[in-house]
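The structure appears right after this line, and notes come after that.
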Amino acid sequence: MIINHPLLGPRDAAEFVYLGDASLIDRPDWQSDTAADDFYEYQYLRDNPAGETRELWFHEQGDRSWLVVTRNTLTHEITKVELARDVALAAGRDR
Amino acid sequence: MKYSGWKVLRQALGGNKGWEPVWRDPAPKPAYDIIVVGGGGHGLATAYYLAKEYGLTNVAVLEKSWLASGNAGRNTTIIRSNYLLPGNEPFYELSMKLWENLEQDFNYNAMVSQRGVVNLYHSDPQRDAFARRGNAMHMAGADAVLLDEQGIRELCPFLDFDNARFPVKGGLWQPRGGTARHDAVAWGYARGADQRGVDLIQNCEVTGFQVKNGRCIGVETARGPIAAKKVAVCVAGSSGRVMAQAGLRLPIESHVLQAFVSEGLKPIIPGVVTFGAGHFYISQSDKGGLVFGGDIDGYNTYAQRGNLPVVEDVCESGMALMPMIGRARLLRMWGGVMDMSMDGSPFIDKTSVDGLYFNGGWCYGGFKATPASGWCYAHLLAKDEPHPVATELRLDRFKRGHMIDEKGAGAQPNLH
Amino acid sequence: MSQPYRIVGGLVGRENLVSFRFNGKRFQGYRGDTLAAALIANGQRLVGRSFKYHRPRGIFSAGSEEPNAMVQLRHGAHLEPNTRATVTELYNGLEATSQNHRGSLEFDLMAVNDLLSPFLSAGFYYKTFMWPKSFWEKVYEPAIRASAGLGRLSGEEDPDSYDKGFLHCDVLVIGSGPAGLAAALAAGRAGARVILADEDFLLGGRLNAETLAVEDMSGAGWAAQTAQELAGLPNVRMMPRTTVYGAYDHGIYGALERRTDHLATSAGKPRQVLWRIYSKRAILCAGATERPIAFGNNDRPGVMLAGSVRAYVNRWGATPGRRVAVFTSNDDGWRTAQDLSAKGIEITAVIDSRDKPALASVPGAAIVMGGRVIDVAGRKGVTAIKLAKGQTIETDCLAVSGGWNPNVHLTCHQRSFPKWRDDIAAFIPGDEMPVGLTVAGAANGALSLGAALIQGTEAGHIAATDTGHTATSITPPWAEDEPRDTAAFWHVGESKARAWLDLQNDVTVKDVRQAGEEGFRSVEHLKRYTTLGMATDQGKTANVGALAIMAEATGKSIPETGTTIFRPPYTPVAIGAFAGRSRGKAFRPTRLTPSHKWAEEQKAVFVDAGMWLRAQWFPRAGETHWRQSVDREVLQTRASVGVCDVTTLGKIDVQGRDAAEFLNRVYANGFAKLPVGKVRYGLMLREDGMAMDDGTTARLSETHFVMTTTTANAVGVFRHMEFCRQCLWPGMDVHLISVTEQWAQIAVAGPNSRALLQKIVDDSHDLSNEAFPFMACGEVTLCGGVPGRLFRISFSGELAYEVAVPARYGDALMRALMKAGEAYDVVAYGTEALGVMRVEKGHAAGNELIGQTTARDLGMGRMVSKKKDSIGSILSERDALNREDGLALVGFVPVDRSEGLNSGAHFVSPGKEVTTENDEGWMTSVAFSPSLGHSIGLGFIKRGASRIGETVIAADPVRDRKVEVEIVSPHFIDPEGERLRA
């Protein structure tokens, strides 16, 4: 597979390490009353869609960017690649 | 029709014209006591044991394609019970004992061949981990032998002992491990279930669940609705998308595992050999093909195909371990979709929907589990309580913190 | 010697006589021959035995679809089993032997299987060999395995080398037949970067095997001229002898180039190169494969594909027979009769299954329209054929054509199903193609030459345009559209004798019918039950015929019956090629520590630690057992001072205004208030609450920290921290960089470590206990100005330091320490002594940090701060991880101190059976403690902390041992920690 890195252009997927669903960006609030359940669902449950999915890849053999890749799990077609940091900031994550 | 050498002789003399169909091709009935969703090895074994052990024969197995078209027919055929943790090992040892009597039990030669499985170690910490595991196997009644380098030289003289990047120091050997003819396992269970009255319905995809007042009362299928008192899902790599139809999210991701077979060669590899310093395991089939595999591709997918980096990685490991296979040619490569769970261990459990049961999360180890999976799932369905060796294979174990993580890799399915 | 079947013409180099051996017998052929062509020229008809029945077999085809003519090539470690004679380029000195027979090829003892064939019908083995049970593994299976396989491996290491390479192009053209050449020409002339790959050594595909014309020249001439023009284009790369074996995601193709297989020896050059080709567009011009017709004894040597017969005659000037009959269901078969006849070869008969007027007259040949061949005589070579109407025709070769199947293989590699086309009675590529791939020519069902040239040209033009090039002229070369009418005719129903579908695996029409009767009607069931299509040719000539017979048996159409897709590789690829250079010592990189050369000089014994090679111990003269060396290293370190290269520990530089807060989040214990100039031990959890890694982190300034990780987890921890930084807390001002390789780090431990360091560290630095106490850190200069860092940390439990210098000074630092340490009898210690000292001190390491244990298990539960947000803290609170009877890390000593201990032993209470139910934990690490004079161990046991003093059994059934052990504190040495604060 080829991942079109937003900064570096097309790179072989073998340069990257895969983590999993992009929902791993959405780490719950540790102080919430439902933190135990929230963290359980965050850590263990997956949509695992047959079709388009957003997922995290780390450019380990490259610039060490974490990317959010939108990819189809049936065809492997990649339709979007973003810097995970941008996605996280846009989702309101800060510090 | 009972199979035997005598029957083969009789048929041969009659021109092989009197063989009967191995299974019927029934139309679905409007309702069953139990519907098993998924006609793979586990689903067929479940149906077989429901009929044979519990006399439950008003049962249908619904298969979206042809029987055993998923991982049952695309694995590397290894059977073993060399697990570490108490949540797993007794279950896999039950499976091994069922393998050992399987053919006589279902009157079909599945070519269960106990030529041994050896996992190699290349360092002291690996040896320590294998000792721990071998002892756990003994404690569960399984067999395990911790071999040193000399023992491996005698068992597998064809390995690279003298020029290896990661020299072989020894191995954990399970002599009772081995291989079985994967298709025949599914066919044997299918035939046995069919003979006892189970309806095996092919080309019948389940497209939804009928849920009323929190209870599952049947399924929607490509061939119309079918009612059932209990619905038992057993769809391996398709677990995510099938259970999503019941609104359930699972601690499972779907990944592809590639497998490889070489051209047919005269026998040269005795049993199953697993590399400890790379991703590679190999055996040789009764037809002569080297059957081998390695790691999953590592990304989520429902496509039954993989990519080149893993192909090369597997062959590199193979050549590092046994450089005599360099001139053997890789004949065919294929992929199967694995239901990779969050701790690398499976589930045989009820779900939050009454009457809906789930069996899955087998990762790339489902084949060896086939008999025990069917046995324990049938027990759960018939008695509504888990089989004693499957009590830990529950869906809620992550919530409780009771992981069964053989590798210690944590909640990342592609690391298991 | 005389090549009796060689005729005039062809594209072989007659001036280059080549000699070779087959089964020890010497033959001659010409440069440009394949082994099969040369065997045909020499009249060698019997070349092998089939898999199951050991039937005599001859050459069947002229290409990579060959099911029969498999030989073992070369000898010794170069032995190459299952090699197709039909694609093996002849070279001087070639040695080949036939395979799969017991006794000679002519008199194969295993041929008895053929007589037993009624008992060996499809799937017979699933129905028998079950009684008595023990016989399967003792008798039946060994017998079955004894007859497994075709060729054999040498059992020796493959002596050849293989390379891997990467190529990029605009347009990859797969196949250099008429469509492929036209496509490459159109794209190449437009300026696109083109790769043209073909499995053959001669470009041109079927053009070289036919007598058809292109424009005003012979097809072969046009192919040669076009290849020459393409070779002259700087933007075109020609790759003959290159098989594109697989289509992968996003335009990536796998290709295998054979570099020295056509030479007597590789002479040290790579035998083959495995290419990964990155293409923007690809055009599949793989042509078509002829299929046979099934009839009685259609597997006899001399029964061949008609197109192959004329290929041998036209391209190689070798005739498979002197009196040749043709049996065809289509117009193309007639070309064989006409081409051979024109070359003066006698055509005995043309039998056409179709009831229509003869297409042509062939001099001397009986023309039988609506005819059927029902049987073939001649066990080791055709002598006569028998027709349905009773006629017998003497003939020594039967050329059979059942039509042509487009080579759709690569279109299926991403699981697209081909679709049926009635007019050519064949499957063509399906609708869902790999992205960027188009198909042209015969592979696309355009079976005539004229159409192939047009489709190729158009596909090449479109691919060039799509990749941003403009073509000036796109007139396709002109050629006639030869007649291609085909009947869907699969087998001769009148045949009584067995009729073969899969020649190599011996699957007959009857087997397919039986499979259907037994319910194995799905194509995949059929294949798996009968083994059809599973042989080395993957059913290239067999699958469609079998499908047709199943369709007929079940009363369905072929498309209703289904199709089976092809998987990579297109043709088999040597495993060695996939491995390339990554084998032997070069399997994976070896990382060396900065002091490696010095350690080698000390004759250190090395051990693999991941990719690293580390000194394990340093034997001295007179020491005969490793324990002697290790004990000495431990005792000398504890008595005076020892040094150890610890560079392999992961080092991560953490900088930024939020660096402290960041560390506070990734470590379970607090880091926010760590003062500048101090080091702290840190425990890192995974988000699931399990211990992930540990190490020390030093604060060099308000905004600058240096973290160490374990050797094993260095890469994973860095990745995890980048995840935290980029994905979880993107607003933090913090930056990470791995500096593992940039800093050499050496541990200096023992009561004299301060004294030793004072000789190395420049005088301006005060190393006194007051100025530089336990857990202090700072930047220093050494040896007169070399920049370095000093950390007062201890893994051994002694007064100890770790000193870091830029990696290039690592070797010099080690030598300087050893030199300066002479006064204190300094000792270098390896990983083994390091391990002993850490067990003596009770530190957790790799055997304890196994991803299955929590901070609580490790005795560090109280370190997990609940007052802050940190990775893993929430999920570490789950019930099952905090059970009263949970595991705890404690120490163990043998009750009988003279006994040794084993890692991996499990604990059970005395008197209890050694079973899973009674399992209470396991021994993780053991060592012989030279300081205490007996063995000690660390291990996890239920409720361990409250069981100090209790005796349990360490059961080790895999080593047949049971040792009574006492549970003790894990801190065997200096439990109060006085030494490290001294």
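Taking the criterion of being free of Cβ contacts under 8 Å to residues at least 60 places away in the same chain and within 14 Å of chain B (Cβ to nearest Cβ), would at least one residue in segment C:612-635 satisfy it? Yes, segment C:612-635 contains a residue that is free of Cβ contacts under 8 Å to residues at least 60 places away in the same chain and within 14 Å of chain B (Cβ to nearest Cβ). Only a single item in (1) out of contact with any Cys (no Cβ under 9 Å at 6 or more places or on another chain); (2) of a type outside the set (Asp, Glu); (3) within 28 Å of residue A:36 (Cβ to Cβ); (4) more than 14 Å from chain C (Cβ to nearest Cβ) is not met by residue B:370, and it is number (3). Take residue B:357 and decide whether it is more than 9 Å from chain C (Cβ to nearest Cβ) and farther than 28 Å from residue A:76 by Cα. Taking the combined requirement at face value, the residue satisfies it.
In segment C:642-656, what count of residues is obtained for those that are part of a strand (DSSP E or B), surrounded by fewer than 21 Cβ atoms within 10 Å (Cβ to Cβ) and either of a type in the set (Ser, Thr, Tyr) or under 41 Å from the mean Cα position of the chain (by Cα) (or both)? Qualifying residue count for the region: 1.
Only residues that are without any contact (Cβ under 8 Å) to a residue 60 or more places away in the chain, farther than 16 Å from residue C:321 by Cα and part of a loop (DSSP other than H, G, I, E, B): list them for segment C:341-370, please. Answer for segment C:341-370, where residues must be without any contact (Cβ under 8 Å) to a residue 60 or more places away in the chain, farther than 16 Å from residue C:321 by Cα and part of a loop (DSSP other than H, G, I, E, B): C:355, C:356, C:357, C:358, C:360, C:361, C:362, C:363, C:370. So is residue C:802 surrounded by 22 or more Cβ atoms within 10 Å (Cβ to Cβ), at negative phi and acidic (Asp, Glu) or not? Considered against the rule, which asks whether it is surrounded by 22 or more Cβ atoms within 10 Å (Cβ to Cβ), at negative phi and acidic (Asp, Glu), residue C:802 comes out as yes.
Against the test of being without any contact (Cβ under 8 Å) to a residue 40 or more places away in the chain and crowded, with 19+ Cβ neighbours inside 10 Å, the options C:460, C:539, C:545 yield a single qualifying residue, C:539. When the criteria are applied in full, residue B:225 meets the requirement of being over 17 Å from residue C:575 (Cβ atoms), surrounded by fewer than 24 Cβ atoms within 10 Å (Cβ to Cβ) and modelled with pLDDT of 95 or more. Residue C:446 satisfies every condition listed in (1) assigned to a loop (DSSP other than H, G, I, E, B); (2) in contact with a Phe, Trp or Tyr (Cβ under 8 Å, 6 or more places away or on another chain) except (2). Looking for whichever is farther than 27 Å from residue B:405 by Cα, modelled with pLDDT of 95 or more, crowded, with 20+ Cβ neighbours inside 10 Å and polar (S, T, N, Q) here; the options are C:753, C:768, C:701. Which one fits? Just a single option satisfies the conditions, and that option is C:753. One residue alone among B:363, B:315 is on the phi > 0 side of the Ramachandran plot, out of contact with any Cys (no Cβ under 7 Å at 6 or more places or on another chain) and among the hydrophobic types (A, V, I, L, M, F, W, C), and that residue is B:363.
Taken together, the residues in segment C:590-601 that are more than 9 Å from every other protein chain (Cβ to nearest Cβ) and either polar (S, T, N, Q) or not in a helix (DSSP H, G or I) (or both) amount to 5. Out of C:234, C:178, one residue alone is without any contact (Cβ under 8 Å) to a residue 60 or more places away in the chain and closer than 23 Å to residue C:473 by Cα. It is C:234. Among the residues of segment C:875-898, is any more than 28 Å from residue C:972 (Cα to Cα), modelled with pLDDT of 95 or more and either touching a strand residue (DSSP E or B) at 6+ places or on another chain (Cβ under 7 Å) or surrounded by 23 or more Cβ atoms within 10 Å (Cβ to Cβ) (or both)? The answer is yes; a qualifying residue exists.
Residues checked against (1) more than 13 Å from chain B (Cβ to nearest Cβ); (2) surrounded by fewer than 16 Cβ atoms within 10 Å (Cβ to Cβ); (3) under 20 Å from residue C:731 (Cα atoms):
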| position | (1), (2), (3) |
| --- | --- |
| A:15 | no, no, no |
| A:26 | yes, yes, yes |
| A:34 | no, yes, no |
| A:41 | no, no, no |
| A:44 | no, no, no |
| A:61 | no, yes, no |
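Of all residues in segment C:141-171, those being crowded, with 20+ Cβ neighbours inside 10 Å, of a type in the set (A, V, I, L, M, F, W, C) and more than 10 Å from every other protein chain (Cβ to nearest Cβ) number 2. The residue pairs whose first member lies in segment B:13-41 and is away from chain C (no Cβ under 14 Å) and crowded, with 21+ Cβ neighbours inside 10 Å, whose second member is aliphatic (A, V, I, L, M) and in a loop (DSSP other than H, G, I, E, B), and whose beta carbons are closer than 9 Å, counting only pairs six or more residues apart or on different chains, are B:34/B:56; B:36/B:198; B:37/B:235; B:38/B:235. Out of curiosity, is residue C:103 surrounded by fewer than 17 Cβ atoms within 10 Å (Cβ to Cβ), touching a strand residue (DSSP E or B) at 6+ places or on another chain (Cβ under 9 Å) and closer than 24 Å to residue C:154 by Cα? For residue C:103, the condition - surrounded by fewer than 17 Cβ atoms within 10 Å (Cβ to Cβ), touching a strand residue (DSSP E or B) at 6+ places or on another chain (Cβ under 9 Å) and closer than 24 Å to residue C:154 by Cα - is not met. Restricted to segment C:771-793, and to residues there that are part of a loop (DSSP other than H, G, I, E, B) and of a type outside the set (Gly, Ala, Ser), the residue that is surrounded by the fewest Cβ atoms within 10 Å (Cβ to Cβ) is C:773. For segment B:140-155, filtering for residues that are touching a residue at least 40 places away in the same chain (Cβ under 8 Å) and touching a helix residue (DSSP H, G or I) at 6+ places or on another chain (Cβ under 9 Å) leaves 4. Would you check which residues across segment B:316-339 are at the interface with chain C (Cβ under 7 Å from one of its Cβ atoms), under 21 Å from residue C:272 (Cβ atoms), among the hydrophobic types (A, V, I, L, M, F, W, C) and in contact (Cβ under 8 Å) with a residue 24 or more places away in the chain and list them? Correct list: B:320, B:324, B:325, B:328, B:330, B:331, B:333. Going through (1) over 35 Å from the mean Cα position of the chain (by Cα); (2) surrounded by 19 or more Cβ atoms within 10 Å (Cβ to Cβ); (3) in the same structural domain as residue C:749 (by TED's automatic domain parsing) one by one, residue C:612 falls short only on (1).
Every listed requirement among (1) within 8 Å of chain B (Cβ to nearest Cβ); (2) touching a strand residue (DSSP E or B) at 6+ places or on another chain (Cβ under 9 Å); (3) more than 30 Å from residue B:396 (Cβ to Cβ) is met by residue A:49 save one, (3). Of the helices (runs of 4 or more DSSP H) that lie entirely inside segment C:461-578, those containing 3 or more residues that are modelled with pLDDT of 95 or more span C:509-517, C:523-530, C:543-554. Restricting the first member to segment C:641-653 and to residues that are in contact (Cβ under 8 Å) with a residue 24 or more places away in the chain and under 15 Å from residue C:805 (Cβ atoms), and the second to residues that are in a strand (DSSP E or B) and among the acidic types (Asp, Glu), the beta-carbon pairs closer than 9 Å and six or more apart or on different chains are C:646/C:802; C:649/C:802. Does segment B:72-91 contain any residue that is within 14 Å of chain C (Cβ to nearest Cβ), in contact (Cβ under 8 Å) with a residue 40 or more places away in the chain and farther than 22 Å from residue B:339 by Cβ? Within segment B:72-91, one or more residues are within 14 Å of chain C (Cβ to nearest Cβ), in contact (Cβ under 8 Å) with a residue 40 or more places away in the chain and farther than 22 Å from residue B:339 by Cβ.
The values are calculated or read from the model by the stated rules, or taken from the named source; none is laboratory data. Computed from a predicted structure; not experimentally measured. Because the Cβ atoms are built from the backbone with ideal geometry, glycine has one as well, and the counts that use them run over all protein chains shown.
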